[in-house]
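Report on one structure; see the data block that follows.
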Amino acid sequence: MSVRRFLPTVLAAVAVSSALALVPGATATAAANPCGFYETGSDAYYNHCTGDGSRVVIEVEVWGPNYERCVGPGVSWLGSASKIDGAYYVGRTC
């Protein structure tokens, strides 16, 4: 990669990270609540990241038969992390 192409990319990355540093909690919130399925030490969650207010169907993976659940925008608690293996968007709204 030439310096001419690399330098603007680096400058843009620095500008974005500097702008985020000015917004209190911006990076902490994004890291704490990533989009989609995530777990904490004890709980499992699904974060439906949307700006249009849509509700979507997710499949929750558990030991035994999986099940579907309708979730709205934001974070939904799925249960204990020891009982939930994962969750994913199935491609339809509810």
Spatial separation of Cα centroids for the stretch 40-60 and the stretch 65-94, in angstrom: 6 Å
Rh (Kirkwood; distinct C-alpha pairs) - the stretch 36-93, Å: 11.4 Å
5 angstrom amide H check on G86, placed H, neighbours 5+ away: E61
V90-R69 pseudo-label distance in nm [points 7 Å out on the Cα-to-Cβ vector]: 1.3 nm
Counting sequence-distant residues (5 or more places) and residues on other chains, those with an amide H built under 5 Å from that of C94 are R55, V56, V57
Under 13 Å from the Cβ of V57, count the other residues' Cβ atoms, weight Lys and Arg +1, Asp and Glu -1, and hand me the total. +1
Cα-centre dipole for the stretch 36-93 with unit charges at Cβ (Lys and Arg positive, Asp and Glu negative), debye to 20: 160 debye
Please list, in chain and number order, the residues 5+ apart from D43 or on another chain whose amide H is under 5 Å from its amide H, with Hs placed from the backbone. A81
Theoretical FRET efficiency, 1/(1+(r/R0)^6), r = Cβ-Cβ of V57 and C35, R0 22 Å, to 0.05: 0.85
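Since every read-out is calculated from the coordinates, none of them should be taken as a lab result. The shown structure was predicted, so the numbers you read here are calculated from the model rather than taken from an experiment. All Cβ positions, glycine included, derive from the backbone under ideal geometry; neighbour counts span all protein chains shown.
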